[in-house]
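Have a look at the structure below before the remarks.
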């Protein structure tokens, strides 16, 4: 029995391509456009990706510079021109994406489809609605678009491992957060009663805001306990928050270690007999003695 | 010897139902009421749970809104009416719970029994004792009642694992906390001597409060060292507190990893020969070769 | 070969008794006194320990209360009387300890011998030297004496495991701290140059104090960067300090896990064949099949 | 198959000597000088190292003291004299290093070659360029030179293990940091919109600086949210930053545990049959039964 290698089935396919649901057209200029815009295995596609990343970064820099009053005063015209240049560029790109997918409706409703639209719409609205200052900052969401390109080309494995570890711990993390929420809510209310509005704890929400800033060890210092009992409770909360940080850390640590172990056991496969389940550090197949491939770090 | 599977006895029953000690009546309207109020496997019981969670959340929102002065001024009458509605509702529920359990005295003295009572009593007291403002905030404890329902239905396993890990580490955590307490007490006293009342360190308790806010890396900034020696000591305390946080984290991490390992070994059981003790990542029973059930994450 | 159990030699004796070096006298009233004062296996010894812990705690409370101006003003006479009562008590105890050990010189020079002396000396000095306010706070060191008693009776195993883990990681921790020290020193100097005395960074030590409070995420807020470059450097330092906290945590986590593993392998011993080296979760001796003792958590 | 020990090839040589590329001359005074300056296995070389460490520390102390206004005013002449003494000493040392290596160009362009040069150049520049205050602080980089000596002689193994763990986790850490950067950028912009310049959030970079100080739990308190929505977002950011700290900690913890395991498996080698791959805690060679060397902590 012990001689039977674990002939594991191939691990389930993990789709790294977030564009898969929109459908790639077959043949014609639409397929060519799709390969340039959505994929990155052709040379033109890679150039497109690089240009797009550059445009996104520059357009975000434009938004940031516009927010700095002295810079906006001095170079306002140039920044406005740059902004419209990027808006037109991204509009063309958005239309291109809509045109070349098989299912434009699916793309338009997808996460990145919405982000793409929100990258250009605020500028157009500002033409008609004066003073739509707030809306313009929505353009900063363009930054998220970089992730699409990174996700396609790089670090897929690390993303998926961190994602899996967080996903697998989500129930434990949720419980932890609900307990922490309960604590800050109850202790915040206690502080509201103990310190009261005369020391700045003007309402329960304000006191809970202070409690969160204390338990998370941020400690802005805009609100501080003034009474002796308040300071004693605050001391307890600080020690508590500092100490229980160990809990989520332990959860994630244990989960990442586990994920690593499972991957090591399932991903290293003997090239001769295809057996998996080799221990970390093993150099030869436990079943047929063939030298094993190196472990990926 | 090595062929003998670990025919482990079933793990000890872990009571997930916090109501077990009160006794479920047999037959009659009391059993029906018990099933609705205390259990959640009937449809009516689930509806009851949902309605109760809703009422609890809304009543807590009422308490929070009452604490915000502008809101209380504008909608005081409505908030008062809502508060009395919830108080009556919870009173009826409390009486119902008392009626349908076999041992009402046990229920009344249990943790959730006391919480249930404290959810309604402050409102009644406020009728007779004017200005019992502080007492009213006790109603925020109603929030804890949500845990009873969550505990009954969801996440029992995660709760018990986190609880077990914390319980198993309690002696190490206690030692760590006693050492930390010693450190903040001694260094707080040193700062009281070094900085003195003229820089705000008016007494040893105040200095210890500051020491705790420094070692836990909260750093409110209401008290700060002004002298050079004081700043040197504060620097040492900051580095110390930042660094030794690693100790409880290490304790809990190691404990959670251990708990996970023990559970993996004891909970995965071969469906054919009932053997346990299978390694993490194993796919087939080490004793009879049967395919094993999947690991729970 | 595989049948040979690891007949490990007994683990090296770990002296839990910090008094071992002073020598226990044989026979006579000195042995009896030694057993009461230094040991805790007789009933009188246990009563002595409890009384001593009570006296220590009360005397520390006296010191703390004396530091609070309103309390000292109101109850100054009583606090002074209590202080002298405890001083006399601890003096008698110190003389008793000197008398009943075989090597009083060794005791007097030992860690706890010095602490014992420093618990009483400041009070006597204050008789002759007026205004020795600072010296009086040395009495807070009495708190450390509680550890002697705890160490003797409780939690020895947990203490030694945490101690071993920290000891085994000391070289890695030292390297980490030296790198952190280098970073705060260099970046503190940079901030001294960038922000300068006009923004409060009056000297390199002050800037380093600020750098430490930033990297350790304490952030008192008494000094803050005002220039744009300064804020950029501060942002980098905050992210750095927040992130590299993971390093000592990882070191200690890994070490505690290792210590636990080694102890599990060396401490669980088959009662029939005395073999050690049983895996975590194993229920039967791997060598003779006898049921193993339970694992200690 | 199971009897075949893992006869692992020797692990790849890890060059601990950062001077290896410069070439050691053979014979003559240059070899002798090289052995004194660059190596530490001769007695003269060790004395040289100690003197150099002393000179570096003293010269850094001089720089620090010069930055403290009262000290500089009182002892300015002495500090200037000491500074020039150290500058001359380090100049002689730098020339000596250039003379005794085979490839002086390589040395001059190496990391420590540049640091050595930057340790002396600012002082000379200050002779010709008046008011080069800022430049003088570059001398603090001398501190880095201590690492060269430490690296040569001590703690090489710990350095390399921590370095390997960080190196192996660099992709995961990079992903984590990019996600955190995205979060502080987006939420900082939101706060810029919500709180606005009237509450101190004068531009997006300022708001991002605040967001970083909040997410990393530093919380200087120079900028704080004043509106209710702002406080709610800040509360979310504090909880987020406090919680996701668990992710890098988990990554590094898992990596250090892994590195330790791999080293334990590959570095412990049976002295009789040269087999590696012995489990942690094993006392005898799994292949030939010889007693194994002790595990290094």
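The values are calculated or read from the model by the stated rules, or taken from the named source; none is laboratory data. Since we're looking at a predicted model, the values are computed, not measured. Cβ atoms come from the backbone with ideal geometry, glycine included; neighbour counts cover every protein chain shown.
Among the residues of segment C:109-130, which ones are farther than 15 Å from residue C:144 by Cβ and not in a helix (DSSP H, G or I)?
Correct list: C:129, C:130.
Does any residue of segment B:55-73 turn out to be at pLDDT 85 or above, in a helix (DSSP H, G or I) and more than 20 Å from residue A:208 (Cα to Cα)?
Yes, there is a match, as at least one residue in segment B:55-73 is at pLDDT 85 or above, in a helix (DSSP H, G or I) and more than 20 Å from residue A:208 (Cα to Cα).
Just for segment B:242-251: of the residues that are within 9 Å of chain C (Cβ to nearest Cβ) and part of a helix (DSSP H, G or I), which one is surrounded by the most Cβ atoms within 10 Å (Cβ to Cβ)?
B:250
Quickly run through segment C:141-164 and pick out the residues that are at pLDDT 80 or above, surrounded by 15 or more Cβ atoms within 10 Å (Cβ to Cβ) and either within 14 Å of chain D (Cβ to nearest Cβ) or at positive phi (or both).
First, the residues of segment C:141-164 that are at pLDDT 80 or above: C:141-146, C:163-164.
Adding the requirement that they be surrounded by 15 or more Cβ atoms within 10 Å (Cβ to Cβ) leaves C:141-146, C:164.
C:164, the sole residue that qualifies.
Against the definition (over 25 Å from the mean Cα position of the chain (by Cα), under 30 Å from residue C:203 (Cα atoms) and part of a helix (DSSP H, G or I)), how does residue D:96 come out, yes or no? Don't jump to the end; show me each part of the working.
Working: over 25 Å from the mean Cα position of the chain (by Cα): yes; under 30 Å from residue C:203 (Cα atoms): no; part of a helix (DSSP H, G or I): yes.
It is false that residue D:96 is over 25 Å from the mean Cα position of the chain (by Cα), under 30 Å from residue C:203 (Cα atoms) and part of a helix (DSSP H, G or I).
For segment B:196-205, what are the residues that are surrounded by 20 or more Cβ atoms within 10 Å (Cβ to Cβ) and assigned to a helix (DSSP H, G or I)?
Scanning segment B:196-205 gives a single hit, B:204.
Tally up the residues in segment B:174-183 that are free of Cβ contacts under 8 Å to residues at least 40 places away in the same chain and buried (at least 17 other Cβ atoms within 10 Å of the Cβ), please. Quick ask: steps written out before the conclusion?
Going residue by residue through segment B:174-183, those that are free of Cβ contacts under 8 Å to residues at least 40 places away in the same chain are B:174-175, B:177-179, B:181-182.
The next check asks that each one be buried (at least 17 other Cβ atoms within 10 Å of the Cβ); those that pass are B:175.
The qualifying residues number 1.
With respect to residue C:183, is the statement that it is assigned to a helix (DSSP H, G or I), farther than 22 Å from residue B:244 by Cβ and more than 9 Å from chain B (Cβ to nearest Cβ) true?
Here the answer is no, as residue C:183 does not meet what is asked.
Return the total of residues in segment A:213-223 being in contact with a helix residue (DSSP H, G or I) (Cβ under 7 Å, 6 or more places away or on another chain) and more than 19 Å from residue C:216 (Cα to Cα).
1
Identify, please: which residue in segment A:223-235 is part of a helix (DSSP H, G or I) and in contact (Cβ under 8 Å) with a residue 12 or more places away in the chain and is, among those, nearest to the other protein chains (Cβ to nearest Cβ)? Break it down stepwise before answering.
Narrowing segment A:223-235 to residues part of a helix (DSSP H, G or I): A:228-235.
Among the residues that remain, those that are also in contact (Cβ under 8 Å) with a residue 12 or more places away in the chain are: A:229-230, A:233-234.
Working: A:229: 11, A:230: 10, A:233: 10, A:234: 7 Å.
Filtering segment A:223-235 for residues that are part of a helix (DSSP H, G or I) and in contact (Cβ under 8 Å) with a residue 12 or more places away in the chain, the one nearest to the other protein chains (Cβ to nearest Cβ) comes out as A:234.
Scan segment B:224-241 for residues that are within 17 Å of residue C:221 (Cα to Cα) and surrounded by 24 or more Cβ atoms within 10 Å (Cβ to Cβ) and jot them down.
B:225, B:234, B:237, B:238
Evaluate the following for residue C:102: is it modelled with pLDDT of 80 or more, surrounded by fewer than 18 Cβ atoms within 10 Å (Cβ to Cβ) and out of contact with any strand residue (DSSP E or B) (no Cβ under 9 Å at 6 or more places or on another chain)?
yes
Specify the residue that is nearest to the chain's Cα centre (by Cα); the eligible residues are those in segment B:105-135 that are free of Cβ contacts under 8 Å to residues at least 60 places away in the same chain and closer than 15 Å to residue B:23 by Cβ.
Checking each candidate, the answer is B:113.
The conditions are (1) modelled with pLDDT of 85 or more; (2) more than 7 Å from every other protein chain (Cβ to nearest Cβ), and residue B:288 fails exactly one of them. Which is it?
(1)
Quick one: which of D:51, D:57, D:63 is assigned by TED's automatic domain parsing to the domain that holds residue D:144, out of contact with any strand residue (DSSP E or B) (no Cβ under 6 Å at 6 or more places or on another chain) and more than 28 Å from residue C:201 (Cα to Cα)?
The unique qualifying residue is D:51.
Please determine whether any residue of segment A:38-50 is over 27 Å from the mean Cα position of the chain (by Cα), assigned to a helix (DSSP H, G or I), surrounded by fewer than 15 Cβ atoms within 10 Å (Cβ to Cβ) and more than 14 Å from chain D (Cβ to nearest Cβ).
Yes: segment A:38-50 contains one or more residues that are over 27 Å from the mean Cα position of the chain (by Cα), assigned to a helix (DSSP H, G or I), surrounded by fewer than 15 Cβ atoms within 10 Å (Cβ to Cβ) and more than 14 Å from chain D (Cβ to nearest Cβ).
Specify which of the listed residues (A:94, A:107) is at pLDDT 90 or above, in contact with a helix residue (DSSP H, G or I) (Cβ under 6 Å, 6 or more places away or on another chain), under 30 Å from residue A:26 (Cβ atoms) and assigned by TED's automatic domain parsing to the domain that holds residue A:30.
Exactly one of A:94, A:107 is at pLDDT 90 or above, in contact with a helix residue (DSSP H, G or I) (Cβ under 6 Å, 6 or more places away or on another chain), under 30 Å from residue A:26 (Cβ atoms) and assigned by TED's automatic domain parsing to the domain that holds residue A:30, namely A:94.
Of B:208, B:138, B:193, which residue is in a helix (DSSP H, G or I), free of Cβ contacts under 8 Å to residues at least 12 places away in the same chain and either more than 9 Å from every other protein chain (Cβ to nearest Cβ) or surrounded by 15 or more Cβ atoms within 10 Å (Cβ to Cβ) (or both)?
The conditions single out B:193.
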